[in-house]
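These notes concern the structure reproduced below.
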Amino acid sequence: MDNQVTWPKEEKLITFDQYQLVLMPKTKDHVQSVHIDLMANRVDESTAMTVINRFLSVMAWCDDNFAIAEYGWSGNPVPVPVSKRDLAFTTAHDYIFDRKIPDSEEARRALALYREARNAQQNGFISYAVLNYYKIIEIRHPGKEAARTWFRIHFEALQIESKEDDDINRFLALCGNDPPHKYIHDSCRIAVAHAGKHSKSDPDDAHEIVRLHTAARIMHKLARRFIEQGLGVSDVMYSGD
């Protein structure tokens, strides 16, 4: 977990609704974590993740602070402390950089939205990532039909260029009988931006989280395509642009 809600100082077993959860504290070498016994609570992994998300949502409300579920695993017979992440960082011995702030207001805004989308995607705010990737396309293609048309043309091109891409195959399986451009608008953009009777995306539900991550990976590819091809922004650090 990454959170600022109230947490026990020592390992603690709590009852949350009908479930038993073990909370482990943050230490010098470990992050705070939540654990659930799948067998004892009679749940599968997806249900367990949903329960944990529900718990974090309640805590975020009670403490009026943030509570993020990050990564995890299953298979241990007892709760195991989660080591602090030491993520690899991209460095270069010879750091060659030659870029300028883009002259185009559209390009500046697209890069700002792209950074926010990537930050959200990395940190578990997947609904926000999906929405921001969509907003990038709306910079030049506002409105339902214009955006749909762009997504239709460029998803077809992406398919041709990326044959046997597992992300595309998983996304097509999600779409079912809906054309991908319609699915992106109705089941991604509308689903995460609204909360009416036709927009019931639940960010606690583990199946919904997987669905949105799958969609986000495709929208990420399409957003990069738009920024590079549509706005002419190079992704080379020393391009001089």
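The values are calculated or read from the model by the stated rules, or taken from the named source; none is laboratory data. None of the values given here were measured: they were computed from a predicted structure. As a convention, Cβ positions derive from the backbone with ideal geometry for all residues, glycine included, and neighbour counts pool all protein chains shown. Remember, those area values only see protein heavy atoms, side chains included, never the ligands or the DNA or RNA. Shrake-Rupley method; radii C 1.70, N 1.55, O 1.52, S 1.80 Å.
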Taking a cut-off of 17 Å between Cα atoms, list the aspartates and glutamates near LYS12, but don't count ones fewer than 8 places away on the same chain.
-> ASP37
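Based solely on its DSSP helices, what 222 nm [θ] is calculated for the chain when runs of n ≥ 4 H residues each add -39,500 (n - 2.57) and the sum is averaged over all residues, nearest 500 deg cm²/dmol?
Values: 9 runs with 110 residues, N = 241.
So the calculated ellipticity at 222 nm is -14000 deg cm²/dmol.
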Please list 37-45, 124-132 highest first by mean number of surrounding beta-carbon atoms within 10 Å per residue.
-> 124-132, 37-45
About the Cα centre, charge dipole magnitude for the chain (Lys/Arg +1, Asp/Glu -1 at Cβ), debye | 440
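Which value in Å does the Kirkwood hydrodynamic radius of the range 53-157 take, with 1/r averaged over all unlike C-alpha pairs and then inverted? Spell out each step's value before the answer.
Details: mean 1/r = 0.0554 Å⁻¹.
One decimal place: 18.0 Å for the Kirkwood radius.
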Can you tell which of HIS154, ALA40, PRO8 lies farthest toward the positive end of the dipole of the range 1-154, using +1 and -1 charges on the Cβ of basic and acidic side chains (Lys, Arg; Asp, Glu)?
-> HIS154
With N set to the residue count of the chain, report its C-alpha Rg divided by 2.2 N^0.38 Å to two decimal places.
-> 1.17
Please work out the Cα center distance from the range 56-115 to the range 152-175, rounded to the nearest Å.
-> 26
Pick out, from ILE137, VAL58, ILE218, the residue whose Cα sits farthest towards the positive end of the charge dipole of the chain, with +1 on the Cβ of Lys and Arg and -1 on the Cβ of Asp and Glu.
-> ILE137
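For the range 164-234, build the convex hull from the C-alpha positions and give me its volume per residue in Å³.
Considering the Cα atoms of the range 164-234, their hull volume per residue is 114 Å³.
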Given R₀ = 22 Å, FRET efficiency for SER234-GLU106 by Cβ-Cβ distance, to 0.05?
-> 0.90
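Going through the cross-link list LYS197/LYS221; LYS144/LYS200; LYS100/LYS182, which pairs have a Cα-Cα distance over 25 Å in this structure?
Those over the limit are LYS197/LYS221; LYS100/LYS182.
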Determine the order of LEU174, LEU13 by accessible area, beginning with the largest, at a probe radius of 1.4 Å.
-> LEU13, LEU174
Once amide H atoms are built 1.01 Å from N in the peptide plane, which residues 5 or more positions from SER33, or in another chain, come under 5 Å H to H?
-> MET24
Might you work out the accessible area of LYS221 for me, using a 1.4 Å probe with all protein chains in place, and round it to the nearest 10 Å²?
-> 60
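Per residue, what accessible area does the range 1-117 have, given a 1.4 Å probe and all protein chains present, in Å²? Kindly include the intermediate steps, with their values, before the conclusion.
Details: 8500 Å² over 117 residues.
Accessible area per residue: 73 Å².
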Note the full-extension length gain between GLU45 and LYS9 as 0.36 nm times their separation in residues minus their Cα-Cα distance, in nm to one decimal.
-> 10.3 nm
Simple spin-label estimate for GLU138 and SER83 in nanometres, 7 Å along Cα-Cβ = 4.3
Nearest 20 debye, what's the magnitude of the dipole of the range 84-208 about its Cα centre given +1 on Lys and Arg Cβ and -1 on Asp and Glu Cβ?
-> 400
